[in-house]
Amino acid sequence: MDTNGIEVSLVSHARSTSTESWTTMSWRTRLAPGGSNRRFYMHHGEPWTISSQLAITMLSELDGQRPFASDPGTTVRPEVLFSCSMTPEMRSKYWLEIRLPEDRWSRDVEFVVTQDPFRRNHWRKIGIVDHSTGRATFRSTTRDATYGQKKAIPDWNGWFLDNSMLDAGGREMGAFLDLLSHGGSSQERLT
């Protein structure tokens, strides 16, 4: 269940182009127990969150079935930036570009930003965890102004929220698991 008591799942999908194939994982929730799928990240003005412990359990279970590190994904690996490894200035810059005005985080927050150069650095996959409240979230942002599900956010310097529920490759999901499990201090899966 997510933090609103709604059923949540982590679903694996096969994706391909004419030259590559890869697996992507998607977070999915229901609008109400037994109801239709929640399609959008923002719902009734609130961003989606999940218990960090539940997220660890779900990500670990999925990683146990098919290790994230074994996912070849695209031929180019994403750049992975953990907040614990950033300078204070860099951390502040990224935080301003990923935090939503509706977010309610404590000061005990850590995050990871993955950026895929394969997509010309137009997409970021983001994980945020608040250790004080035990909440986490996973979101996408894009610089693609033509993307249909974008939501403009003040102060995001040309980035838009992807208002669809997040999907990401194995390497990004591995970074999320590392963030939740170790705060990003253990990056063995990503090397």
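Give the ranking of F111, F160 by solvent-accessible surface, highest area first, calculated with a 1.4 Å probe. Write down the numbers at each step before the final one.
Numbers: F111 0, F160 40 Å².
Listed by decreasing accessible area, they come as F160, F111.
When you count the other C-beta atoms within 10 angstrom of each residue and take the mean per peptide, 135-146, 9-20, 52-63, 97-108 line up highest first as 135-146, 52-63, 97-108, 9-20. Rounded to whole numbers, the Karplus 3J(HN,Hα) couplings from phi for segment 85-97 are 9, 8, 5, x, 5, 5, 4, 5, 4, 5, 4, 5, 8 Hz, using 6.51 cos²θ - 1.76 cosθ + 1.60 with θ = phi - 60°, and x at Gly and Pro.
What whole-number volume per residue, in cubic angstrom, does the convex hull of the C-alpha atoms of segment 97-171 give?
Taking the convex hull of the Cα positions in segment 97-171, it is 101 Å³ per residue.
Overall, segment 79-177 carries a charge dipole of about 140 debye about its Cα centre when +1 sits on the Cβ of Lys and Arg and -1 on the Cβ of Asp and Glu, all other atoms neutral. In this simple spin-label approximation, M90 and D144 carry label points 7 Å from Cα along the Cα→Cβ vector, and these lie 2.7 nm apart. Ranking of K125, K151 by solvent-accessible surface, largest first: K151, K125 (1.4 Å probe, protein heavy atoms only, all chains present).
If you rank H122, H182 by how much accessible surface each has, with a 1.4 Å probe, what is the order from largest down? Kindly include the intermediate steps, with their values, before the conclusion.
Details: H122 60, H182 95 Å².
Greatest to least solvent exposure: H182, H122.
The values are calculated or read from the model by the stated rules, or taken from the named source; none is laboratory data. Just so you know, these numbers come straight off a predicted model, no measurement behind them. No Cβ is skipped: glycine too gets one built from the backbone with ideal geometry, and neighbour counts run over all protein chains shown. Accessible surface areas use protein heavy atoms only, side chains included; no ligands, DNA or RNA. Shrake-Rupley method; radii C 1.70, N 1.55, O 1.52, S 1.80 Å.
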